[in-house]
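The values are calculated or read from the model by the stated rules, or taken from the named source; none is laboratory data. No experiment lies behind these values; they were computed from the predicted model shown. Note that we place each Cβ from the backbone using ideal geometry, even for glycine, and neighbour counts take in every protein chain shown. Keep in mind that these areas ignore ligands, DNA and RNA; they rest on the heavy atoms of the full protein, side chains included. Shrake-Rupley method; radii C 1.70, N 1.55, O 1.52, S 1.80 Å.
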Amino acid sequence: MSAATDSRAEVVKLARLLGLPDAEQLHSLLEIPAAELVEYRDRVAALLHDDDRQLLHRMAKAAPLLPTPMLATIAERALGPIICARMVELLDPDFADAIARRLSTEFLAEVAAALDPRRTAETIGLLTPDRLSEVSLALAARGEYVAMGRIAGHLSDSGLEACIAQLADHDLLRVAFVIEGKERLAQLSEIVGIARVQRILDGADAVGLGQEALGLVEHLSADQRSQLHWDPQGIQWRGSVAAVA
């Protein structure tokens, strides 16, 4: 079952990267192993991010010549979130953080949704827990669970704790399903606490997230699973892609 749910999660992530409104359009990819889907998604992401690289380098080189408040205004009013997300990869992390502090939460959430966290992990790590929790709420309101899952894998424990404290149970389950680095789910569940994990699982099927609940349980430690009281027998693999992104 784990292989099936992992492939399903990767199909959802790929649909988000390609800008598809419905992951069901990639239903035929469900039979492909998750590792192969990850490799393909990484190659597509590289192609998308390397487009117009030279122009972005020139913009990044010129950015320090302008005052930070002006750069923040230009970012929100002229450049837009996608260009800004790609610029973050090229700016000094401290400089990028100084600009981010002057951006509105809503715009910063849009930038975060377009980031490649693997290329911007150091800058993400400079955001304060309070700022991270604000952005996570804005992302959840926009349904950007794939983006949240990608970023979560690069957050410190304090950053994760701040976000977890603010997010609803169903939001956490959706993020857990598509989180980068499934091995971190056991640690994430420790931060959440076994009582809340139990509550999340108890309410999962009622909100149509039974498959996501299975995906979470499969990646918990044996000790964590032994502490849960949950019968997954009523949830059957349907071979479909739920609209979680």
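Please calculate how many Å² of accessible area segment 101-172 carries per residue, with a 1.4 Å probe and no DNA, RNA or ligand atoms counted.
On the way: 2970 Å² over 72 residues.
Dividing the accessible area of segment 101-172 by its residue count gives 41 Å².
How much length would be gained if the chain were fully extended between Ala35 and Glu106, taking 0.36 nm per residue of separation minus their Cα-Cα distance, in nm to one decimal? Display every interim value, and only then the final one.
Details: separation 71, 0.36 × 71 = 25.56 nm, distance 3.34 nm.
The Ala35-Glu106 span can extend by a further 22.2 nm.
At a 1.4 Å probe radius, which order do Lys61, Lys182 fall into by accessible area, largest first?
Details: Lys61 170, Lys182 35 Å².
Solvent-accessible surface, decreasing: Lys61, Lys182.
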Using only alpha carbon positions, build the gyration tensor of segment 120-178, then give the equivalent ellipsoid semi-axes as the square roots of 5 times its eigenvalues, largest first, whole angstrom.
-> 17, 12, 10
When the charge dipole of the chain is computed with +1 at the Cβ of Lys and Arg and -1 at the Cβ of Asp and Glu, the Cα pointing farthest to the positive end, of Ala15, Gln166, Leu91, is that of Leu91
Assigning unit charges at the beta carbon (Lys, Arg +1; Asp, Glu -1) and nothing else, what dipole magnitude in debye, to the nearest 20, does segment 129-176 show about its Cα centre?
-> 200 debye
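How big is the Rg/Rh ratio for segment 114-235, C-alpha atoms only, Rh by Kirkwood, two decimals? Present the calculation step by step, with values, prior to reporting the outcome.
Values: Rg = 14.0 Å, Rh = 14.6 Å.
That ratio is 0.96, to two decimals.
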The base-10 log of I(q)/I(0) that the Debye equation returns for the chain at q = 0.08 Å⁻¹, one scatterer per C-alpha, is -0.32
Computed [θ] at 222 nm, helices only, for the chain once each DSSP H run of length n ≥ 4 contributes -39500 (n - 2.57) = -19000 deg cm²/dmol
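Considering only protein heavy atoms and a 1.4 Å probe, what is the carbon-and-sulfur percentage of the accessible area of the chain?
Details: 6510 of 11970 Å².
With neighbouring chains kept in place, the figure for the chain is 54 percent.
For Ala206 and Leu18 in one chain, what is 0.36 nm times their gap in residues minus the Cα-Cα distance, to one decimal in nm?
Values: separation 188, 0.36 × 188 = 67.68 nm, distance 2.97 nm.
Result for the pair: 64.7 nm of gain on full extension.
Taking 0.36 nm per intervening residue step and subtracting the Cα-Cα distance, what contour gain separates Ile191 from Ala141 on full extension?
On the way: separation 50, 0.36 × 50 = 18.00 nm, distance 2.24 nm.
My answer for the length gained is 15.8 nm.
Output the DSSP H helices from the chain with an along-axis C-alpha extent of no less than 20 Å and a mean Kyte-Doolittle hydropathy no less than 0.0. If you can, show how the numbers build up before the last one.
Working: long enough: 2-18 (24 Å, 0.28); 34-50 (24 Å, -0.03).
Membrane-span-like by this criterion, though nothing is claimed about a membrane: 2-18.
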Rg and Dmax of segment 41-137 over Cα atoms: what are they, in angstrom?
-> 12.8, 37
Evaluate the distance, in nm, between pseudo-label points positioned 7 Å from the Cα of Gln224 and of Ala46 along their respective Cα→Cβ axes.
-> 3.1 nm
